[in-house]
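We did not get these values from a lab; they are worked out from the coordinates using the rules stated. Predicted, not measured: the structure shown is a model, and the values here were computed from it. All Cβ positions, even for glycine, are placed from backbone atoms using ideal geometry, and neighbour counts span all protein chains on display.
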There are 2 protein chains.
Amino acid sequence: MFSRCVMSRKMAHWGRRSKERQAVNLQAEGTGLPAHELVYRRLRDKILFGELEPGQPVTIQGLTEQMQVGMTPVREALRRLTAAGALDFQGNRRIIVPVLHAPAIEQLTLARIALEPTLAARAAVRCDAGEIARLRATDIRLDGAIARGDVRGYLVENHQFHAELNAIARAPILTDLVEGLWLRFGPSLRVVCGQFGTRNLPDQHKAILSALAAGDADGAARAMRADVEQGMTQITEGLA
Amino acid sequence: MFSRCVMSRKMAHWGRRSKERQAVNLQAEGTGLPAHELVYRRLRDKILFGELEPGQPVTIQGLTEQMQVGMTPVREALRRLTAAGALDFQGNRRIIVPVLHAPAIEQLTLARIALEPTLAARAAVRCDAGEIARLRATDIRLDGAIARGDVRGYLVENHQFHAELNAIARAPILTDLVEGLWLRFGPSLRVVCGQFGTRNLPDQHKAILSALAAGDADGAARAMRADVEQGMTQITEGLA
DNA sequence: CGCCGGATAATTTGATCATATTCTGCCGGC
DNA sequence: GCCGGCAGAATATGATCAAATTATCCGGCG
């Protein structure tokens, strides 16, 4: 009992040393958010914007040294992402970036068509002028990225457009569901865009914006459905 | 350096002792699944079947001693559940069982109506005789639980019925989404059932079964939609 | 003289880490 | 070709620190 107490003091000293090194790193990274949250967000963005390749293995130890944090936060972030289907947990405790196959794409399309038009319709009856203006600005940046041939920029702004739109709908539960779907096809979308470039990337954003500005819920839903179908068709054909 | 080594040996010894006790406990629980998976499943069932009360705080340390495992597995299970919305992460790093309010119920209803009829329709064109028979058997057990006034049994068998039905649809991604929704309203559903007992718990399961047996996709979807609306109305009125 | 509000101490809980242990997959010997 | 050891990665634990909540205490006021 006593010896354990002494021992603990020593460990406390070492722990403090490493902790200080750690603290500096976290401050450098940014806000006062917990490390597991930071790891989660950075990994999520990497998946969403195609910095990870389908099939690529994701190891805990790799992340710990890459992000300079302990294993526990990494572990938690990975659990969150695997729970959301953004990463694939191979039975033999190995984690990889998911490789989409036809049935998965079909289900994702079904789910997106079931949810995103509903959100667009809600947004149409809730949006105000400022929100539409911000949405227009995002869409212009999106067009710029396409013209520039900037794949990463396209992915970022496209997601931004849809995220802003979903936020307007004031339905956080539905929005969370949709975000989870986007995480699932993010890596594959990047692959497709990488193959074909940004030349042939039509979207229905103009039609969506018109419907929103007119407060036309049904029109917004239809336009969103078309946008989703177009996007998922791209993925299907690109991976075929 | 040396002292640390000695210390480590002692810690290892204690760790092993508790680990062996643990191993026994894990074996008792069942298969050779990892601890975090077991914790996740047990917590999920508790949420799904109403053993946790809305608003009740869920603490890591409480779980560690309750389930006799270390903090890391508990932590991972909680991350998975909060990611799915089954638990609510209060900003001040405290976790509680979610308390549903009207907008949340509305969104859950929207999502369920968007997804579950689709799954039912898919099931209708995929089911075979054996699956229908199993589904019938589950529904009979469900009726038994209702007649007995067994709330817990009702929750278990009702979930089982829908889970089996969704499995027939062979759309694991959609099924996962729906499972997440069920987790969100599980605790509140229990509260409602606890208030009213199992007397007034009508469902559309007979209609669903007929449609499935007839291979009538559209009929199955309609019946499922009615079942979902009925169930969610119960919750809305019960919590009002 | 008793009660209440705010400041402080104590406890509880969460977050993170280093380490020990276990499992998986691979490689070389038979 | 198969089996046993080995390297590496994942799982799990306990220690420790930080934050937040709760309990306590004391001075001022009714």
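Charge tally for B:THR198 (other residues, Cβ to Cβ under 9 Å; Lys, Arg +1; Asp, Glu -1): +1. Couplings for the range B:60-77, taken from phi via the Karplus curve 6.51 cos²θ - 1.76 cosθ + 1.60 with θ = phi - 60°, read 5, 5, x, 5, 4, 7, 5, 9, 6, 9, x, 7, 4, x, 4, 4, 5, 4 Hz in order; Gly and Pro are left as x. Across chain A, the fraction of Cα-Cα pairs farther apart than 21 Å, rounded to a whole number, is 63%.
For chain B, the mean residue ellipticity at 222 nm estimated from helices alone is -25500 deg cm²/dmol, where every DSSP H run of n ≥ 4 contributes -39500 (n - 2.57) and the total is divided by all residues, rounded to the nearest 500.
With an 8 Å cut-off on Cα pairs and a minimum separation of 6 or more residues, tell me the relative contact order of chain B in percent.
25 percent
The phi torsions of the range B:105-121, fed into the Karplus equation with coefficients 6.51, -1.76 and 1.60 and a -60° offset, translate into couplings of 4, 4, 5, 4, 4, 3, 5, 5, 5, 6, 9, 5, x, 4, 5, 4, 4 Hz, rounded to whole numbers, with Gly and Pro shown as x. Translational diffusion coefficient, Stokes-Einstein: compute it for the range B:33-99 using the Kirkwood radius over C-alpha pairs as Rh, at 20 °C and 1.002 mPa s, and state it as an integer in µm² s⁻¹. The diffusion coefficient I find is 183 µm²/s. Nearest beta carbon of chain A to the A-to-B rotation axis, with distance in whole angstrom: A:ALA114, 2. With the convex hull drawn over the C-alpha atoms of the range B:160-227, the volume per residue is 92 Å³. Kirkwood radius and radius of gyration were both taken over the C-alpha atoms of the range B:102-239, and their ratio Rg/Rh is 0.94. Centroid-to-centroid, using Cα positions, the range B:40-88 and the range B:165-240 are 24 Å apart.
Note on the protein assembly as shown: Rg/Rh from C-alpha atoms, Kirkwood Rh, equals 1.00.
With loop membership from DSSP and a limit of 13 other Cβ atoms within 10 Å, the longest segment of chain B without trypsin sites (Lys or Arg not before Pro) is B:94-198. Only Lys, Arg, Asp and Glu carry charge here, each on its Cβ (+1 for the first two, -1 for the last two); on that basis the protein assembly as shown has a dipole of about 2700 debye about its Cα centre.
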